[in-house]
Each structure stands twice: as C-alpha cells, then as structure tokens.
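Every number here is computed from the coordinates shown, using simple stated rules; none is lab data. None of the values given here were measured: they were computed from a predicted structure. Cβ placement follows ideal geometry from the backbone for every residue including glycine, while neighbour counts extend to all protein chains displayed.
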Amino acid sequence: MAPTETERQRQGAPAKCAACAGPMDSPLFCDHCRSLYPADGLNHFELFGLAPTYDIDPALLRQKYLQVSRGVHPDYHSTGDSSLSLHLSAQLNEAHRVLADPVLRAEYLLELVGGKSAKEDKSVPPEVLSTALLLREEIQEARTAGDAAALESRGAQARAVYERTLATIAELARQMPGDERSRARLRTALNSIKYHQKLLTEL
Amino acid sequence: MAYGEKIIDHYQNPRNVGSLDRNSPNVGTGIVGAPECGDVMKLQILVDEHDNIVDAKFKTFGCGSAIASSSLATEWIKGRPLDEALELKNTDIVKELALPPVKIHCSVLAEDAVRAAIADLKAKRTGRGASATPEAATTAK
Ligand code: FES
Ligand SMILES: [Zn+2]
C-alpha cells in the first residue's frame, strides 16, 4: 500500500499536494490549488506543525492556530467541501484549547505516551483531599461570616497550592515519556490539581 | 431534564449533615474526592459495641446530586451492621435518586466515602498506629 500523506510526513518527506503536486507547508491544505486534506492520524501538535513537547511558545501556538485556521476556512479554499472545512476547524479549535492550557497539555502528552491516563488511575495523596476539604470548609465559613480577610488568606493559600502543583506538573511533563515512576507521579499531580482548581473557582 | 422529587428533598433538607469526633475509637472517617470535578466529601460513622452503625454524618463540598447521595447513604447505613453497610452500591443511589448519567460520579463519591469510613474504623481496630493519623486510612478510589 502506498504511504498516506500523514505517513510520508512522519517519515520526514516534504509533503506534496495530491492534486497539484505542489509543496505543502501545512498537512491540511495546499496553498497553491487550495485543496483540503483530512487530519486523519495527526495529533494536536502535528496539526500545527509543532514538536510534541511541554514547553511551547504561546505566541507561536497562537500564530500557527490562526494561520492554519485561515487555511482551512471555507472562504479561502475553492473546492467547496464545506463539511471537511468545518470538521477541520472543529479539530483545530479542540487542539488549540488543549495545547494552550498547561494542565490539559500535560494530560495530552501523557496520553500520547500511552499507558494509563490520570483519569483511569485516580490516585491522589490523602493529604490533598483533607487539605481541600479543610480549605473548602473554611472558605464557606468565611463567606457565611462575611469575613473578607479570612477569605483573602484562604484564597492566597489555595493559589499557592495550585501554583506548586502546576510547577510539579510542568517539571514532570518536560520529562515525558519518562519512566513509569515519573508517569505515575505526573498522573497523581494531574489528579491533585483538579481539587486545587476547584478551590479557586470557589473563591 | 427534570429532577425527581426525592433528590430535591434530600438536597434541600439533607439528613445527617455534620461531624463526629474523629479521634474517638468508635468513629470511622472517610475523606474522598472525585477527580472528575474536584469535589470532596467527608463521611463519618459511629458504631456501638456490636459493630452496628448508630450514627452517621457527612460534609459534602460538591453538587446537589453529591449532597443528596451522601444524605441518602447516611440514612441507609444508619442502624445497619458494618458489613451490611459495605453492600451499599452507587447504582442503588443512582436508581433511588434517578440521577442522570453525568451525575454518576457524584453517587460513586458517596459509596467510596462509606467504604473509606469503614476501612478507617477497621484500621483503628487492628493497628494502633492508624488511629493516630486518621488521614492515613482515607482513600480516593
Ligand atoms: S459534580 Fe462534583 S460531586 Fe457532583
Ligand atoms: Zn495543491
């Protein structure tokens, strides 16, 4: 079987448009004849031509997102296949949403590595739960009592634990694929931050 | 989707909200969480000398379905022997409260909390060390 467009790209060959044989910068559309191609098998990073790493430049991601989105827009290409165009832009939106978020991006990298996801694993240190419980209790009390100072200090506490966990996630996600131990630690941190995120929405 | 009367009743008038003395040798404490939403629940049981659950209290920081689930769970386990309380299944709660699929994890929280509270109590019984750090027996399954 002839390799698909995606496979050829993975193999490092310059992508060629199947319709006009012109070179393609994006795997999704041809600048010359304006043909569109489905994103089959491309991961979120590949959609934007980015390397699958945790540290991505937000400005570059944004720029790629706008550029590729414009390229698949129905106004731009002439083939009239608006359903493929819509489908692609939904995929691009989703990919951008995930990659632009530091927690979702780490979760996604873990997913690309394979193995158990944080959601399946559910592991979380007991003290994360008891701290979350205590803080939510105190936040609720402070709110009922109208104690702005207490609310403020609990808020600072909640933000501090959130920032700490996010730093751990970044450190571990940079090591991906890593070993099973670092992946397990990343899963735990990803689960823990769900409780810290919830705390912040309660403030 | 309209919620059933039962859930509204348990949500608006939750039974058994509160705390028990977690350092008492006859009190088991379970603290559990749902990573799906980041909500947490504490459920405590008090047993008599025959290991019958004579009281149960909870504090839930979660949605209405979680509050109703824990209210129902505490009502259900009160007066039952420990081992029977272990039979409580989240699917029973789902059925009783007519919870929609997106709220299933909220009922799981209540089942997990009952199990964690019982496990904590049992740990207190067997190892003296376990009672010194009540958190040690909590679980987030
Ligand atoms: S949504 Fe969090 S417990 Fe129901
Ligand atoms: Zn072309």
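Can you compute the FRET efficiency between A:V113 and B:E5 using 1/(1 + (r/R0)^6), with r the Cβ-Cβ distance and R0 = 45 Å? Round to the nearest 0.05.
About 0.40, to the nearest 0.05.
Would you mind checking which residues have amide H under 5 Å from B:D39's amide H? H placed 1.01 Å from N; only 5 or more apart, or other chain.
B:A34
Counting other Cβ atoms within 10 Å, keep those with at most 12, restrict to DSSP loop, and tell me which GluC sites (Glu not before Pro) in the stretch B:52-112 are left.
B:E87
Mind checking the angle between helix A:102-113 and chain A's longest principal axis? C-alpha axes, 0 to 90 degrees, to the nearest 10.
For A:102-113 against chain A, the angle is about 60 degrees.
Using only the alpha-carbon atoms, how far is helix B:104-126 inclined from the longest principal axis of chain B? Give it as 0 to 90 degrees, nearest 10.
In chain B, helix B:104-126 runs at an angle near 10 degrees to the longest axis.
Round to the nearest 10 and give me the degree value, 0 to 90, for the angle of helix A:148-174's Cα axis relative to the longest principal axis of chain A.
Computed tilt is about 40 degrees.
Might you report the magnitude of the Cβ-based charge dipole of the stretch A:39-195 about its Cα centre, with Lys and Arg at +1 and Asp and Glu at -1, to the nearest 20 debye?
160
Give me the log10 of I(q) over I(0) for the stretch B:5-121 at q = 0.09, 0.14 Å⁻¹, as the Debye formula computes it from C-alpha points; what are the numbers?
At q = 0.09, 0.14 Å⁻¹ the computed log10 ratios are -0.20, -0.48.
Just to be sure I understand: of the beta bridges DSSP finds with both ends in the protein assembly as shown, what percent are antiparallel, rounded to 5?
So the antiparallel bridges in the protein assembly as shown amount to around 95 percent.
With respect to the cross-link table entries B:K78/B:K124; A:K122/A:K198; B:K59/B:K122; A:K194/B:K95; A:K64/A:K122, which display a Cα-Cα separation exceeding 24 Å?
Pairs exceeding the cut-off: A:K194/B:K95; A:K64/A:K122.
Report the full-extension gain for the segment A:R164 to A:E120: residue separation times 0.36 nm, less the Cα-Cα distance, to one decimal in nm.
Length difference between fully extended and current span is 13.5 nm.
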